[in-house]
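The values are calculated or read from the model by the stated rules, or taken from the named source; none is laboratory data. Here the structure is a predicted model, which is why all the values come from computation and not from measurement. Here the Cβ positions follow ideal geometry from the backbone for every residue, glycine too, while neighbour counts run over all protein chains shown.
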Amino acid sequence: MRYTIFLILLLYSLFAEAQKEGQALVDSEVSVLPGAKNDSMRARICNNVANYYQDVNTDSALKYADMGMGLVSRMNWIRGIAVFNTAYANIFTTKGLLDSALNRHRRALDLFIKINDSFNIAASSNNMGTIAKAKSDFVAAARYFLNTLEIGKALKNNYLIGLGSENLGLVYEYQEDYTKGLDYARQSVAAYTLNDNQDFLPGPLSVIGGIFQRLNKGDSAIYYYRKALTFARVSGNKVKEATMLNFIADYYSSLQDYSNAIKNGLEAKKIWDVTGPSAEDAINNTGILGYYYLQLAKQSQVGNREQLLHLSTTYLEEAVQKSGTRSIKTSQSEFQISLAEAYALAGNYKGAYLNYKSYQEIKDSIYSQENKNKIASAMSKLELDKKNAEIALNQATIVNQHRQQLFLTIGLILLFVIGGLLYRQSLIRKRTNTTLLVLNNELDEANKVKAKFFGILSHDLRSPIANLITFLQLQKMRPGLLSEAQIAHREKKISDSAESLLETMEAMLLWSKGQMEHFKPSLSVVPVESLFTYLRKNFPDTEHVAINFPPADDLDLRTDENYLQTIMYNLTANAMKALQQKTDGHIAWKAWRQGDNLFLSISDNGPGASDQQLKALYDESAPSGARTGLGLHIIRDLAKAIGCTVTYNAKNSVGAEFVLCMSMNIKGLHGEEA
């Protein structure tokens, strides 16, 4: 039943927007009509009065429309002529003369196009869409409403956007495409909200409610119906209020709650009787009240049924008569089938037969109209084929243009190719320069490594060689000074020093290789005791310096043995050098485990190290040389390579301590190299 109660929301032009606020307002306008200062003012008054009377008294509406059209025609006022064509169309719509109404809207549209009035072009397009929808030509209706929407977007007019979207939502609801229907209805709500005009919100809200009702989502449907009713009442628009009451009545009808349906329908009828009893929605309201009374009669006891049937037939007869006069065939057929059922229940079988017969005839005519729509669709396809043929003919002209464009394109391509080659040459030159820069950097690093290497030779090889030369010169110059046992002892020391020198050279070469690119330490499980054995061999006790090594049989770690030996060798050598002037020098190595880390420390009772000397331990940019801490340079680089941290602790009185910290994570690596 919902299709039979929907109010078509027409958009009139700017001058057709009359506020229907009762006969008193109209009478006041008519009273000032003769004394209006000019014909333009008189024409506007005639338009307002005609619009008021269109749903109340069509004869009076035509009278003032004729009067206004005469005024604007004499003035040759094109906009005014277009406005009164719209007024005639609205009157013809009320009278059910839909073809005449469509013709008048077309005239108005042509005039608005002539004066380039975009807003009223959209308005006329919307009005033509409402006529097409009333004639069940939903394809044409959608086209007109879409035109309204597009013009609204071009003008950035939220009112037109809301109107076009609202009516498109209604068309898609009729076509049962509920997803698109909801989308357009929600766009309409958003546009009206942006326009800050709540007067128009009941329309799209009722569309959303209707779609939810069709989807059997009753709670959502009644929510939107009531929300629309609230907005209609706030804005004081009685017509929209009555329409929303009809929707709510239809909702209760879907629940078979006919008492509440009748209650809301009667409330709406009170409004329709005042605002326009001849309006389409007023007629539908009358018919659905008859339908509700019929359904209630079928549920009632025998005693009360006769009165309900009487009310049902009274309302349905009035609705059938008025919808027939207005040529609203769909509504007429639905009311006649209900009237036939009411007559049958009341025993009036002849009336039931006649109404049922009329219902079938209208139904057949509607199906016939559907066939006409199919034929129209075929004709539209034919027109499209003709257009395609015209396009094919135009292709011959386009071919010549394409040839010219081809030559131009080839020229542009050649330019792009040349530009691309130049760009590629630039990239190659840039890559070459980058490569040269990298090679220069590598060469610079190699020079730095060479300088360090020679510094190492000066630092770590000079002392052993000097000691060796001293032994040899002593034996040569004072051969009888030493006993046979002393000579043998010295020769053994010379041999040990030579072996130590060889090992030192190997360590220095190893360190220098560590400075080269891609050289990595070789990790293995190293016992701490083997490290101490290496140091005992290279640094035996002397008359002035004693070196102490504690037992470390149970301590192992995973590292590069050669790297760590070199670090410990240099630390020991530096300590020996610091104790040269002491007669009671003492050096102590220690090893201990703490958590997952192993610590090695060397302490002495020498004078300690200055900040300038220690700078090389932490700063790669510190100067290197035999006198400026080259040993700490070696220690820093090798420790970094094996993940060892070196910490210096100055003692309070005399001496210094260096602490090495390394991880003891050697799980699964005993006996093999990493």
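Of note:
- Condition check for Thr286: within 21 Å of Ala346 (Cα to Cα), part of a helix (DSSP H, G or I) and within 52 Å of the chain's Cα centre (by Cα): yes
- Residue within the range 599-614 that is more than 29 Å from His544 (Cα to Cα) and at pLDDT below 90 present: no
- Selected residue (only one of Ala190, Ala185 is over 28 Å from Val72 (Cβ atoms) and crowded, with 24+ Cβ neighbours inside 10 Å): Ala185
- Set side by side, the residues Tyr159, Tyr184 differ, and just one is in contact with an Asp or Glu (Cβ under 8 Å, 6 or more places away or on another chain), in a helix (DSSP H, G or I) and within 21 Å of Ile121 (Cβ to Cβ), which is Tyr184.
- Only residues that are in a helix (DSSP H, G or I), within 13 Å of Ser278 (Cβ to Cβ) and touching a residue at least 24 places away in the same chain (Cβ under 8 Å) were counted in the range 313-332, giving 5.
- Within the range 333-349, not a single residue is surrounded by 12 or more Cβ atoms within 10 Å (Cβ to Cβ), part of a helix (DSSP H, G or I), among the aliphatic types (A, V, I, L, M) and at pLDDT below 75.
- When each of Gly455, Gly420 is tested for being modelled with pLDDT of 65 or more, of a type outside the set (Lys, Arg) and surrounded by 10 or more Cβ atoms within 10 Å (Cβ to Cβ), the lone residue that passes is Gly420.
- The C-beta contact set for the range 201-219 (first residue in contact (Cβ under 8 Å) with a residue 40 or more places away in the chain, second residue outside any helix (DSSP H, G or I) and crowded, with 21+ Cβ neighbours inside 10 Å, distance under 7 angstrom, 6+ apart or interchain) is empty.
- Cβ-Cβ under 7 Å pairs, at least 6 apart or on other chains, the range 570-595 side touching a residue at least 24 places away in the same chain (Cβ under 8 Å), far side surrounded by 13 or more Cβ atoms within 10 Å (Cβ to Cβ) and polar (S, T, N, Q): Gly585/Asn605; His586/Asn605; Ile587/Thr572; Ala588/Ser603; Lys590/Ser601
- Hey, Leu617 under 22 Å from Leu523 (Cα atoms) and modelled with pLDDT of 80 or more or not: no
- Segments classed as helices (runs of 4 or more DSSP H), wholly inside the range 200-273, with at least 2 members that are over 32 Å from the mean Cα position of the chain (by Cα) and over 26 Å from Leu168 (Cβ atoms): 238-254
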